[in-house]
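Report on the following structure.
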Amino acid sequence: MSQNEAFVMERVYDAAVEKVWKALTDKEAMKKWYFDIAEFKPVVGFEFQFTGENEGRIFLHICKIEEVVINKKLKYSWRYDGYPGKSFVAFELFDEKGKTRLRLTHEGLETFPDVPDFARKNFEAGWTYIIGKSLPEYLGK
């Protein structure tokens, strides 16, 4: 898969759509499975930031809400302070008989600098951990 293709991942959780939506949009919930975000509102135009670390290097993520459809879709821009490039992350939720299928799409990875920190495999590993391990563990509590 090339760097130009969007990264797409789906998981099904044994939780209602409303519970998964709250996990995606409530800053206190987000701190438990995602990142420590100081302020978050699922409102188009709202900007938020958080830091991430890779091998001791700290990256400030700057994001802006682009689309909100309550209990269905959350999309925001995702870029890094001091680096060119801009990507978009979308979480889409589908009710499947009381369970929730989440489709995560991260597009625009090719706009980031061609350096190891922004390699596609790092995004794949990060999202696989976040969506495949951290979020389901949080939802199971």
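Return the pairs, sorted by first residue and then second, in which the second residue is at pLDDT below 95, the first residue lies in the range 112-124 and is under 15 Å from Arg57 (Cβ atoms), the beta carbons are less than 7 Å apart, and the residues are 6+ apart or on different chains.
Final answer for the pair search is Phe112/Phe118; Asp117/Asn54; Asp117/Arg57; Asn122/Asn54.
Using the structure shown, decide if Phe48 is farther than 18 Å from Phe123 by Cβ and in contact with a Cys (Cβ under 7 Å, 6 or more places away or on another chain). Before the answer, list the steps.
Working: farther than 18 Å from Phe123 by Cβ: yes; in contact with a Cys (Cβ under 7 Å, 6 or more places away or on another chain): yes.
The answer is yes for Phe48.
Take the range 95-119 and flag every residue that is exposed (fewer than 14 other Cβ atoms within 10 Å of the Cβ) and either among the hydrophobic types (A, V, I, L, M, F, W, C) or assigned to a loop (DSSP other than H, G, I, E, B) (or both).
Lys97, Gly98, Pro113, Asp114, Val115
Given the conditions (1) farther than 20 Å from Tyr76 by Cβ; (2) touching a Lys or Arg at 6+ places or on another chain (Cβ under 9 Å), report the number of the one that Ile131 does not fulfil.
Status for Ile131: all satisfied but (1).
Pull out all pairs, ordered by first then second residue, where Cβ-Cβ is under 8 Å, the residues are six or more apart or on different chains, the first lies in the range 74-85 and is on the phi > 0 side of the Ramachandran plot, and the second is modelled with pLDDT of 95 or more and not in a loop (DSSP other than H, G, I, E, B).
Gly82/Leu60; Gly85/Arg79; Gly85/Thr111
Quick check: is even one residue across the range 32-49 touching a strand residue (DSSP E or B) at 6+ places or on another chain (Cβ under 7 Å), in contact (Cβ under 8 Å) with a residue 60 or more places away in the chain and not hydroxyl-bearing (Ser, Thr, Tyr)?
From the range 32-49, those touching a strand residue (DSSP E or B) at 6+ places or on another chain (Cβ under 7 Å) are 35-37, 39-40, 42-49; that's our starting set.
Okay, now just the ones that are also in contact (Cβ under 8 Å) with a residue 60 or more places away in the chain, so none.
Within the range 32-49, not a single residue is touching a strand residue (DSSP E or B) at 6+ places or on another chain (Cβ under 7 Å), in contact (Cβ under 8 Å) with a residue 60 or more places away in the chain and not hydroxyl-bearing (Ser, Thr, Tyr).
For the range 1-72, give me every one of the strands (runs of 3 or more DSSP E) that falls completely inside it and has 1 or more residues that are exposed (fewer than 12 other Cβ atoms within 10 Å of the Cβ). Outline the logic, then answer.
Details: elements: 7-13, 47-54, 57-69.
In the range 1-72, 47-54, 57-69 are the strands (runs of 3 or more DSSP E) which contain 1 or more residues that are exposed (fewer than 12 other Cβ atoms within 10 Å of the Cβ).
For the range 62-110, give me each residue that is hydroxyl-bearing (Ser, Thr, Tyr) and within 21 Å of Thr128 (Cα to Cα).
If the condition is that a residue be hydroxyl-bearing (Ser, Thr, Tyr) and within 21 Å of Thr128 (Cα to Cα), then Tyr76, Ser77, Tyr80, Ser87, Thr100, Thr105 are the ones that fit.
The values are calculated or read from the model by the stated rules, or taken from the named source; none is laboratory data. Given the structure is predicted, the values throughout are model-derived calculations rather than measurements. Cβ coordinates were reconstructed from backbone atoms using ideal geometry, including for glycine residues, and neighbour counts include every protein chain displayed.
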